[in-house]
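Everything below concerns the one structure shown next.
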Amino acid sequence: MGSGVSSLLDISKRSLFNQSQAIRVIGNNIANVNTEGYSRRKVDIKSSDSFDTGEGTSFGTGADIDSVYRTVDKFINLAYQGRIGDRARSEARDEFLARLEPMFALDGSTKTISSELSGFFSAIEDLAQNPSDVSLRRNVLDQGQNLATTINRVYSQVSQLQREADDRINYLVEEVNRIGGQIANLNSQISGKEDGSQELLTARDQREQLVRDLSEIMSVTTVENSDGSTLVTIGNGFALVSGIHSNALETSKSPSFAPVGGYPKGLDGDALSFIVHDFDTGAGTSHADFTGTIAAGGGELGGLLSLRGVQSATDTTAFDAVGDFVTAASMVEAIAEDLLTRFNLSYLGPDENGGTAFHNPSSGDLAGSTPASPYSLFNFTGAADLDADGRPDDLAGLRTALTIPSFAEIIQFGVTSEQQLAAALDLDPAAGSLSFTTGDSRNLDNLAALRQQKVAYSVGNFNQTSSLEEVYDTLTSTVGSLRATSKNQFALDKDRETMAKELYSSTSGVSLDEEFANLITFQKAYEASARLVRVGDEMLTEVIGLLG
Amino acid sequence: MSFRITNNQSTQFFIDQINRQKVGLEESRQMLSSGVEVSTPGDAPSKAATIENYNRTIVRLDAYKDRINSGISSMELQETVLNTAESIMLRGKELATQAANETLSSEQREQMAIEVFELRDSLVSLGNTKNQGVYIYGGFDDDDPPFDDTPASGVAGTPGYTNSLGAGTPSSQRFIYDGEDGTANSRDIVVSDFESVRITTPGDQVFQGGISALERLGRALSGFYTTPASSAATPDGGGLAMTFPADYHLQTQEILNTMDAFDTSLSKDITGELMSVGARLNKLHDAFDIADSLVFNIKNARSGVQDVDMFEAAANFSNLQTSLEALLNAGVQMNSLSILNYI
């Protein structure tokens, strides 16, 4: 019976320890209620092995703490991680598109390319009524300059957004490497040492949080190895973190896989970054390209790359890349190129010599002079008639020859004085002799008629047969639907992330109400265990009294 | 496992919901204050191109209206000019009829020539009428008057604009349409996307016949034959002097000869042009009415696509306001619930 009392004391002593440990875990949970990435701990108390008397009876020997564990659900975690990536992608897209959209305002709050085109054509048609009126001529000059500057402004804003996205991509890749290094570091703490200690539980929480941080930047796949380390890979199987090693990604503007002559520059004339991994071929460093893979995935990088554009080896201009900013810029470029070619050619008037190899202008200004260059109405710095045929050149060829990234960025109105505007057409039917009169506006009439004409436009991936103004309509609808989609997608992805987070919190988060209820339970159990000690003590005292 | 709601979750719910309501409220407020539902293309991408098209069409139609108005004012001026020209020609014909009467002496006839030449000068100045700085009857040539008695400078082979006889008197003045480059053209204005209306007629078609007729009459009354002999032709600067009284009957014949020219000028040139101006003026008025009603309709259509239905927006706004208040109340009460209050 004596062994019974001491076993009672042993049971109650261990119970006291168990309950106080459980209360300590509850305390830790409460302390971490606001800690990002903290998973609620639970104490697993198990009944101890029973004592067999050998006479068919067995007695229990109390309880022990089996483990302290994190309440996590791997699948819920994975789903949450995926939703974070989706949300980060659409958030980045929406943020940048929201900045693109105001340039295409419909309520007249901003000067748009469309309103400037209307202004320019109206000015030309007004002047056509009285072509020698100097104030109407001034108006055409002003409207022409406004149109050119608005095209410059809209284009350079798009190209700036592309550059900003590119800069941010460079920064994010650094972040990826930093997080990769930290995950590898935590892997080295965890792998092979799984003993349920508080320290390792915290390391696991931290590692899960880092993976979530990484998912916010780009899509990753994680697999837990048998030694407890996490393998982090991206799209096509490249291991970003494997065991205790992390493999760095880099950004390169001239990667080793670039085609001969390099990739075309970005919209602003500077090169765009590729996301690569350096590897040693034995004969030097080579690059593995992950740009396309990352662009197709989630995370902020996916969103930014899909806007900025991804280049391929067959690209010849900045407009061939596949990306939303590039699409928008291509349409602005199409408008600028049309003004520089079709409008300039029409401005020269029909060929005075009846379609000879060299186009002799048949339009004249107030002084009776013909336009001096094929780029007289609209021009740009460095404008040249490379094939010397008197017509505006094929701009694709000129772009390469002059290494001009875009004409939309540099187009300007070519007529600088009222007198210089060529409104008249030749009145003398004989080839080679010109006669102009100041009241003639036929050249302006021809110019104004161009706005209704449908022609084929093709810049980069943009192809359309329409009138000039309809190109702008397409541009507006494209930007509009991009923005509307990004806005809706962001709202949807945010909701889905919230739902995933709720599920995650529901599993791993700390509820104060629950912790307090548990606290009372363990507190009462502690009191009961203490009472047991007293009972054991009294029993022992009683027995010792008998001996005395 | 039952669904657990942690404290952080319920706080986060609360914050998210407040944010969402506030964004909705702000959007609704903006719509109410601007009256515009679609202000950026992202608000309604499918409508963006339509709105752009409406905006442009309105600008274009307004420009048509302005141009039609200036066309109308030019045509109304032409109507006045032609009416005056008509009365000048009627007076000229009247004088010719009077002068043909052989009760008048050749001296009396010469007195009448003064008025005839004045009528001619008036008709010349009508032919040189300017509207907004531009000669109406000069075609594209707007740097010098279309009817002139001085030769155009620098035009080779142009004869001096004088008649050979009667030097120093109005008889020697010969007014002809200057015929420089561009004077044969007429000005059109575009009144719609598909239609343009001619607003001027080259002056030779309207006034040359009348001027020549008056010139011939004046010269006949002053005692000169004019060549070529046909009264329908524009004087070429040549002629002969009459001697009186031997040529008195011939003078009467020369005066009578001009009558046909007066008739042609009146019925064909001036009245014809007057009718044509009237028809074109009607066309312009019609085009203006069409453009005006199109602008009205398109503005209506644009408003239907782009503007806010104020009643709906106001109702929406107050709806959102009420639900935000309810949310704030419920949220505060929800978050004040804690087991700590009961332990």
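Just so you know, all these numbers are worked out from the coordinates, no wet-lab data involved. The shown structure was predicted, so the numbers you read here are calculated from the model rather than taken from an experiment. Neighbour counts run over all protein chains shown; Cβ positions are idealised from the backbone, glycine included.
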Separation between the residue A:110 and residue A:225 pseudo-spin-labels, each 7 Å from Cα along Cα→Cβ, expressed in nm? 5.1
Please turn the phi angles of segment B:131-146 into ³J(HN,Hα) values with the Karplus equation 6.51 cos²θ - 1.76 cosθ + 1.60 (θ = phi - 60°), one per residue in order, whole Hz, x for glycine and proline. 10, 6, x, 10, 5, 5, 9, x, x, 7, 7, 10, 9, 8, x, x
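What is the mean number of Cβ atoms from other protein chains located within 10 Å of the Cβ atom of each residue in peptide A:469-482, rounded to a whole number?
Mean partner-chain Cβ count within 10 Å for A:469-482: 5.
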For residue A:271, list long-range residues whose amide hydrogen, built 1.01 Å from N in the peptide plane, is under 5 Å from its own amide hydrogen. A:266
Helix-only mean residue ellipticity at 222 nm, chain A, DSSP H runs n ≥ 4 weighted -39,500 (n - 2.57), per residue, nearest 500. What is it? -17500 deg cm²/dmol
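Please give the net charge around residue A:205, taking every other residue with its beta carbon less than 13 angstrom from that of residue A:205, where Lys and Arg add +1 and Asp and Glu add -1. Before the final figure, lay out the partial values.
Numbers: positive: A:40, A:41, A:70, A:204, A:207, A:212; negative: A:36, A:199, A:208, A:213.
Charge balance in the 13 Å sphere: +2.
When Cβ neighbours within 10 Å are restricted to other protein chains, what is their mean count per residue of peptide A:501-513?
Details: counts 3, 7, 1, 1, 8, 7, 4, 2, 6, 4, 8, 6, 9.
Mean number of neighbouring Cβ atoms from other chains: 5.
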Assuming R0 = 51 Å, can you tell me the calculated FRET efficiency for the pair residue B:286 and residue A:373, based on Cβ-Cβ distance, to the nearest 0.05? 0.70
Estimated inter-spin distance, residue B:341 and residue B:94, nm [label 7 Å along Cα→Cβ]: 10.8
Binning at 10 Å from 0, report for segment A:16-170 what percent of all alpha-carbon pair distances ends up in each bin. 8, 17, 14, 12, 11, 9, 8, 7, 6, 4, 2, 1, 0
Please state, rounded to one decimal and in Å, the Kirkwood hydrodynamic radius that chain B gives when every pair of distinct Cα atoms enters the mean of 1/r. 26.5
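Using helices alone, what [θ] at 222 nm do you get for chain B, with -39,500 (n - 2.57) per DSSP H run of 4 or more residues, divided over all residues and rounded to the nearest 500?
Working: 7 runs with 199 residues, N = 343.
Roughly -21000 deg cm²/dmol at 222 nm, from the helical runs in chain B.
Rg over Rh of chain A, using C-alpha atoms and the Kirkwood radius, what does it come to? Display every interim value, and only then the final one.
Numbers: Rg = 37.9 Å, Rh = 29.5 Å.
Ratio of gyration radius to Kirkwood radius: 1.29.
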Restrict the search to segment A:499-530; then list the chymotrypsin sites (Phe, Trp or Tyr not before Pro) that DSSP places in a loop and that have at most 11 other Cβ atoms within 10 Å of their Cβ. none
Could you work out how far apart the two model spin labels at residue B:130 and residue A:164 are, taking each label as a point 7 Å from the Cα in the direction of the beta carbon, and quote it in nm? 5.5
Between 0 and 90°, nearest 10: helix B:310-336 axis offset from chain B longest Cα axis: 20
Mind listing the long-range amide H neighbours of residue B:148? Cut-off is under 5 Å, sequence gap 5 or more, other chains count too, H placed in the peptide plane at 1.01 Å from N. B:176, B:178
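Taking the number of other C-beta atoms within 10 Å as the exposure measure, put A:176, B:332, A:322 in order starting with the fewest. Please report the intermediate quantities before stating the final value.
Values: A:176 23, B:332 10, A:322 17.
Result, fewest neighbours first: B:332, A:322, A:176.
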Separation of segment A:508-544 and segment B:315-330 by C-alpha centroid, Å? 49
Counting sequence-distant residues (5 or more places) and residues on other chains, those with an amide H built under 5 Å from that of residue A:68 are A:44
If the limit is 24 Å between Cα atoms, which of A:74/A:501; A:13/A:193; A:253/A:487 go over it? A:13/A:193; A:253/A:487
Can you tell me which of B:196-202, A:473-479 comes out highest on packing, and rank the rest after it, using the mean Cβ neighbours within 10 Å? A:473-479, B:196-202
Lysine pairs in chain B 8 or more apart or on different chains: how many have alpha carbons under 30 angstrom apart? 12
Loop only per DSSP, at most 15 neighbouring Cβ atoms within 10 Å: give me the chymotrypsin sites (Phe, Trp or Tyr not before Pro) in segment A:203-287, ordered by residue number. A:257
